[in-house]
Amino acid sequence: MTSEPIIELTAIRKTYRSGTIEFEALRGIDTDIAEGEYVAVIGPSGSGKSTLMNILGCLDNPTEGHYLLAGEDVSQMTETQLAEVRNKRIGFVFQQFNLLASLSAWRNVELPLIYAGVPRADRRARAVRALERVGLGDRVDNRPGELSGGQQQRVAVARALVTEPAMILADEPTGNLDSRSTADVLGLLDELHASGRTIVLITHEHEVAERAQRNLVIADGEITSDVPTARAGVIV
Amino acid sequence: MNWLETVRAGAEAVRAHRMRSILTMLGIVIGIASVILTVGFGQGAQKEVKDEIDALGSNLLIVSPGSTTDSSGVRGGFGSATTLTLDDASAIGEDSVVPDAEKVAATTSTNAAVAAGETNWTTSVVGTTPSWLDVRTRTLEAGRFFTAEELAKGADVVVLGPDTASELFTGPTAANPVGQTVSIGGRQLTVIGVLDSSGASSTGTSEDDQAVVPISTAKSLTGSTDNAVSTIYVEATSADTLSAAYQEVQSLLLTRHGVAASDADFSISTQDSLVETANSTNETLTVLLTGVAAISLLVGGVGVMNIMLVSVTERIREIGLRKALGATPSVIGRQFLVEASMLGLAGGIAGVLIGVVGSWVLPSIIDQPVTLSAFATGAALATSLALGVGFGVYPASRAARLTPIDALRSE
């Protein structure tokens with residue numbers, strides 16, 4: 001852990017209000033994640049795990065506290081500013097893949113580049129390179145419907161990579177996959193980690209969490225344990 | 001994401017749901033096509049009326065009797081009275097009184113059966129003066145018109161319209177009816193001439209179907225002893241003197257009839273005023289029809305809004321994903337707005353095409369001229385685009401306001 005922290009969370013609280021009922025989803029989260037780290041956030045449903053993921057992914061503002069992402073305080077940004085941060089700094093991998101069915105693989109991968117204002121000519125080259133990176137160099141023109149679940153998630157990973165983000169945020173990336181595809185996608189995340197990417201993995205499966213270097217366990221909106229796994233310190 | 005990209009993405013979305021896009025556009029297509037066609041009909045009808053009235057002859061004032069006010073103040077309608085007389089006509093003909101009138105022709109008109117041998121034909125029998133030919137800018141196909149002399153003695157002569165001649169003379173005499181005899185009301189008249197066709201379009205007017213006789217002859221045919229006339233045609237010396245002639249004729253007749261201008265028992269119309277009257281009727285109809293078409297356009301616009309709202313709901317995950325990947329609210333809003341505008345504009349273009357094709361095809365089916373108006377076409381296209389934009393704003397802002405988490409999480 002010699003690198004600079006890429007994520008600094010200080011006293012993050014999130015309160016949801018519904019009429020007169022208040023619900024504290026996060027009750028003060030403090031943690032740092034260093035560049036190049038592979039962290040798994042684990043917890044049962046209702047633990048605040050998803051809320052934390054939304055805040056880490058800049059999809060939502062915390063009610064209190066500060067979130068520095070790559071040195072920039074994103075905790076009170078407007079939706080438009082957050083959109084730009086998501087576009088530049090974060091690569092999302094979702095449980096549902098969330099690929100657009102009408103677009104071919106490379107067109108799906110180029111989406112973040114469109115919003116980043118990358119010229120059309122460069123986009124295809126970069127999208128194809130990202131697809132080659134995840135081993136789908138021969139599937140660039142296939143639509144999601146023509147790909148297996150594992151392949152679709154690989155396309156999603158390629159889309160997360162294509163903007164060279166500071167962090168890849170994977171929300172239950174293997175939740176919808178069979179064991180073989182799960183191994184496939186986790187293998188890919190290992191590779192990305194090995195090449196120096198910062199990865200935050202949200203999961204409720206311990207076997208999956210074991211693949212990371214460090215496990216953050218969430219319960220009742222607080223971090224109850226923050227432990228290195230067997231793989232911590234393994235230099236791949 | 002620049003505008004070009006947005007337009008490209010919009011076109012893709014419209015194409016991706018082809019059937020639905022077509023159905024959405026249908027309302028606008030129908031609305032635009034009907035606006036173009038109704039405006040085309042209105043303009044076609046106006047042009048037709050104008051052509052007809054132009055064919056009446058230039059520099060023409062048409063004096064008609066009417067609008068009498070009796071002692072109790074009851075006003076009669078147009079043409080309800082026989083207030084114009086031959087004397088009025090000859091007074092107008094006096095150069096010293098109406099210097100700007102070139103020629104005057106008084107006419108009476110009645111329907112009567114004309115017989116030639118075994119053939120009978122009921123037509124309009126017009127009694128008039130020799131100047132009628134010039135005033136109405138007519139020419140003769142054969143023979144001659146009657147003279148002042150024949151007028152003076154009420155000669156038994158008649159000039160037939162070309163249609164009347166061909167109806168009456170079908171046998172060996174068809175080639176030249178001049179010199180033949182026809183009978184009107186038991187009186188034998190010699191055909192001395194046949195008119196050329198007036199050239200006005202065939203809309204059931206009797207310009208080519210009439211029998212023209214000296215007005216004195218007409219009076220004795222109908223057994224009438226008064227000297228009332230139904231219309232006095234006055235030809236001004238030129239188009240520039242038309243309004244001067246109008247003033248002169250008006251003040252002359254007011255003086256002769258001893259009435260104030262507000263109680264005038266005659267009316268004078270010019271070609272322009274006739275065109276105006278005819279057009280105002282047409283315009284009312286056109287405005288009415290265009291109103292109906294505009295309502296259908298509005299309904300089409302609501303259809304676009306409805307489908308765009310459905311589209312926002314249906315693509316809520318797509319919106320969430322695009323936002324997660326970095327699309328700002330304004331980019332998403334713009335995308336949906338552009339999609340709605342494209343639906344509107346595409347519907348408008350299709351509507352214009354149908355309107356143009358319709359304006360070629362319809363006249364041959366319903367015998368009504370349709371004049372395409374470039375202005376109406378341009379306005380229709382602009383309207384269709386405006387409808388798309390206008391009715392796209394609400395769905396677009398709904399899409400823009402969705403928060404990415406809610407959008408991503410929805411199933």
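The values are calculated or read from the model by the stated rules, or taken from the named source; none is laboratory data. In this text, all values refer to a predicted model and were calculated from it rather than measured experimentally. No Cβ is skipped: glycine too gets one built from the backbone with ideal geometry, and neighbour counts run over all protein chains shown. We work out accessible area using only protein heavy atoms, side chains counted, and drop any ligands, DNA or RNA first. Shrake-Rupley method; radii C 1.70, N 1.55, O 1.52, S 1.80 Å.
Some notes on this structure:
- Subset of the range A:138-158 (residues that are open to solvent by less than 50 Å² (accessible area, probe 1.4 Å) and either over 23 Å from residue A:193 (Cβ atoms) or in contact (Cβ under 8 Å) with a residue 60 or more places away in the chain (or both)): A:140, A:142, A:144, A:147, A:153, A:156, A:157
- For residue B:321, the conditions (1) touching a Gly at 6+ places or on another chain (Cβ under 7 Å); (2) part of a helix (DSSP H, G or I) are fulfilled apart from (1).
- Looking only at residues of the range B:317-353 that are within 12 Å of another protein chain (Cβ to nearest Cβ) and among the β-branched types (Val, Ile, Thr), we find that the one that is farthest from residue B:11 (Cα to Cα) is B:328.
- Apart from one condition, residue B:211 fits all of (1) crowded, with 16+ Cβ neighbours inside 10 Å; (2) in contact with a helix residue (DSSP H, G or I) (Cβ under 9 Å, 6 or more places away or on another chain); (3) farther than 16 Å from residue B:133 by Cα; the exception is (3).
- Of the residues making up the range B:362-411, those that are within 14 Å of another protein chain (Cβ to nearest Cβ) and surrounded by 18 or more Cβ atoms within 10 Å (Cβ to Cβ) are B:399, B:400, B:402, B:404, B:405, B:407, B:408.
- Here residue A:157 meets each of (1) assigned to a helix (DSSP H, G or I); (2) over 13 Å from the mean Cα position of the chain (by Cα) with one exception, condition (2).
- Scan of the range A:154-177 for residues that are touching a Ser or Thr at 6+ places or on another chain (Cβ under 7 Å) and of a type outside the set (Val, Ile, Thr), ordered by number: A:166, A:167, A:172
Residue-wise test of (1) more than 9 Å from chain B (Cβ to nearest Cβ); (2) crowded, with 18+ Cβ neighbours inside 10 Å; (3) without any contact (Cβ under 8 Å) to a residue 24 or more places away in the chain.
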residue	(1), (2), (3)
A:102	no, no, no
A:106	yes, yes, no
A:111	no, yes, no
A:116	no, no, no
A:119	yes, no, yes
A:123	yes, yes, yes
A:128	yes, yes, yes
A:136	yes, yes, no
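- Yes/no for residue A:161 being under 20 Å from residue B:317 (Cα atoms), aliphatic (A, V, I, L, M) and either open to solvent by less than 30 Å² (accessible area, probe 1.4 Å) or facing chain B (nearest Cβ under 10 Å) (or both): no
- Among the residues making up the range A:68-88, those that are within 14 Å of another protein chain (Cβ to nearest Cβ) and free of Cβ contacts under 8 Å to residues at least 24 places away in the same chain are A:74, A:77, A:78, A:79, A:80, A:81, A:84.
- Cβ pairs under 6 Å, 6+ apart, first in the range A:208-233 and exposed (fewer than 14 other Cβ atoms within 10 Å of the Cβ), second among the basic types (Lys, Arg) and outside any loop (DSSP other than H, G, I, E, B): A:228/A:214
- When the range B:323-357 is filtered for residues that are of a type in the set (Gly, Ala, Ser) and surrounded by fewer than 20 Cβ atoms within 10 Å (Cβ to Cβ), the ones remaining, listed by number, are B:330, B:350.
- The set of residues in the range A:168-185 that are open to solvent by less than 10 Å² (accessible area, probe 1.4 Å) and part of a helix (DSSP H, G or I) contains only A:185.
- Residue ID - farthest from residue B:84 (Cα to Cα), chosen from residues in the range B:245-274 that are open to solvent by 50 Å² or more (accessible area, probe 1.4 Å) and in a loop (DSSP other than H, G, I, E, B): B:260
- Selected residue [part of a strand (DSSP E or B) and within 11 Å of chain B (Cβ to nearest Cβ)] from A:91, A:65, A:28: A:91
- Search result, residues across the range B:1-35 that are touching a Lys or Arg at 6+ places or on another chain (Cβ under 7 Å) and basic (Lys, Arg): none
- The condition of being assigned by TED's automatic domain parsing to the domain that holds residue B:314 and without any contact (Cβ under 8 Å) to a residue 24 or more places away in the chain holds for only one of B:388, B:355, B:348, B:378, that being B:378.
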